[in-house]
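The values are calculated or read from the model by the stated rules, or taken from the named source; none is laboratory data. Note that the structure is predicted; figures quoted are calculated from it, not measured. Glycine also receives a Cβ, built like all others from the backbone with ideal geometry; neighbour counts cover every protein chain displayed.
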Amino acid sequence: MPKKNVTLKTGLTRDEIVELLNLYQIMDDILQDASEIFDIDLSKLRRLRDGSHVLKQMFDFRPRIGEDGNPNHWQNYVMPDDERAWYHTPKED
């Protein structure tokens, strides 16, 4: 069940689509190297990591909330309106 009052991004700007295209090119480049020469350039992995960060920020992908109320960063991220999405809530003194 989706969370209420969370806006999902439904439209993409041209710049955002260009970012998606850039990430596609990085992934394709790495996969091509891995399949042809069984080698991966570390600079390409860095570009892939940077691209994944851009996507996470662009769509506000969220870590899952754990049973203890803390974010589980090692699990697959979820959409921001997912009931399992973690949001920081400041503790009151």
Could you tell me how many of the residues in region 64-78 are modelled with pLDDT under 90, crowded, with 16+ Cβ neighbours inside 10 Å and not aromatic (Phe, Trp, Tyr)?
1
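Could you look through region 7-37, keep only residues that are of a type in the set (A, V, I, L, M, F, W, C) and either part of a loop (DSSP other than H, G, I, E, B) or touching a Leu at 6+ places or on another chain (Cβ under 7 Å) (or both), and pick out the one that is surrounded by the most Cβ atoms within 10 Å (Cβ to Cβ)? Give the derivation first.
So the first thing to find is which residues in region 7-37 are of a type in the set (A, V, I, L, M, F, W, C), and the list is 8, 12, 17-18, 20-21, 23, 26-27, 30-31, 34, 37.
Filter once more, keeping what is either part of a loop (DSSP other than H, G, I, E, B) or touching a Leu at 6+ places or on another chain (Cβ under 7 Å) (or both): 8, 12, 23, 26-27, 30.
Working: Leu8: 10, Leu12: 13, Leu23: 17, Ile26: 19, Met27: 15, Ile30: 16.
Of everything passing the filter in region 7-37, Ile26 is surrounded by the most Cβ atoms within 10 Å (Cβ to Cβ).
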Please verify whether region 38-52 includes one or more residues that are in contact with a His (Cβ under 6 Å, 6 or more places away or on another chain), at negative phi and part of a loop (DSSP other than H, G, I, E, B).
no
If Lys9 passes every condition in (1) at pLDDT 80 or above; (2) touching a Phe, Trp or Tyr at 6+ places or on another chain (Cβ under 9 Å) but one, which one does it miss?
(1)
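A quick yes/no check of all residues on (1) farther than 21 Å from Pro80 by Cα; (2) charged (D, E, K, R):
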site: Met27; (1), (2): yes, no
site: Asp39; (1), (2): yes, yes
site: Leu45; (1), (2): yes, no
site: His53; (1), (2): no, no
Which numbered condition trips up Ile37, out of (1) among the β-branched types (Val, Ile, Thr); (2) under 12 Å from Met58 (Cβ atoms); (3) modelled with pLDDT under 80?
(2)
